[in-house]
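In what follows, a single structure is set out as structure tokens and then discussed.
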């Protein structure tokens with residue numbers, strides 16, 4: 001499977017990082033999450049490849 005085509009939701013990212021989902025939504029609104037986009041103009045999708053690429057010690061390097 002191509003990792004560039006795998007996406008997760010903000011809630012899944014929050015769980016992965018041990019953060020509250022509202023924190024992740026705030027980061028998304030601020031444009032700080034790499035590889036994030038709206039899939040239909042409403043739902044956020046986040047590239048799992050980009051997240052894993054920027055995870056260091058369980059912390060996400062934000063933009």
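Quick notes on this one:
- Lone unmet requirement of (1) surrounded by fewer than 16 Cβ atoms within 10 Å (Cβ to Cβ); (2) in contact with a helix residue (DSSP H, G or I) (Cβ under 8 Å, 6 or more places away or on another chain); (3) assigned to a loop (DSSP other than H, G, I, E, B) for residue 41: (2)
- All told, residue 62 falls short of being surrounded by 13 or more Cβ atoms within 10 Å (Cβ to Cβ), touching a residue at least 12 places away in the same chain (Cβ under 8 Å), in contact with a helix residue (DSSP H, G or I) (Cβ under 7 Å, 6 or more places away or on another chain) and not in a strand (DSSP E or B).
- The number of residues in region 9-26 being buried (at least 17 other Cβ atoms within 10 Å of the Cβ), closer than 18 Å to residue 56 by Cα and either under 9 Å from the mean Cα position of the chain (by Cα) or modelled with pLDDT of 95 or more (or both) comes to 3.
The values are calculated or read from the model by the stated rules, or taken from the named source; none is laboratory data. Here the structure is a predicted model, which is why all the values come from computation and not from measurement. Note that each Cβ is placed from the backbone with ideal geometry, even for glycine, and that neighbours are counted across all protein chains shown.
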